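A.B. asks: Can you keep this structure in mind? I'll have questions shortly.
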Amino acid sequence: MGAVPKTKVSRHRRGNRRQHQRLDAPTLVVCPQCTQLMRAHRVCKSCGSYRGRQVIEQSSQSESE
Ligand SMILES: [Zn+2]
């Protein structure tokens, strides 16, 4: 037999241990280019810009600049 727990861990104690394991919602910021919500520190999905620079060329979207 391998390592076996000596005593049962109660529901309270188990939940207490797992309280930090929850997933958080992704941090959303407003894009300075198109004012859409986007993930922080990532290229904007709707306008394709990052830090004021065009990274992904948009073909289907109507660009104003
Ligand atoms: Zn954008």
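A.B. asks: Would you mind telling me which numbered condition in (1) surrounded by fewer than 10 Cβ atoms within 10 Å (Cβ to Cβ); (2) away from the ligand (no atom under 12 Å from the Cβ) GLY15 fails?
C.D. replies: (1)
This table checks each residue for (1) at negative phi; (2) at pLDDT 95 or above; (3) in a loop (DSSP other than H, G, I, E, B).
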position	(1), (2), (3)
ASN16	yes, yes, no
ASP24	yes, no, yes
PRO32	yes, no, yes
HIS41	no, no, yes
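A.B. asks: If you don't mind, another one. Against the definition (in contact with a strand residue (DSSP E or B) (Cβ under 8 Å, 6 or more places away or on another chain) and either of a type outside the set (Gly, Ala, Ser) or outside any helix (DSSP H, G or I) (or both)), how does SER59 come out, yes or no?
C.D. replies: The answer is no for SER59.
A.B. asks: If you don't mind, there's one more thing I want to ask. If we scan the range 12-21, do we find a residue that is touching a residue at least 12 places away in the same chain (Cβ under 8 Å) and within 24 Å of the chain's Cα centre (by Cα)?
C.D. replies: No.
The values are calculated or read from the model by the stated rules, or taken from the named source; none is laboratory data. Everything numeric here is computed off the predicted structure, so don't read it as measured data. Virtual Cβ from ideal backbone geometry, glycine too; neighbours counted across all protein chains shown.
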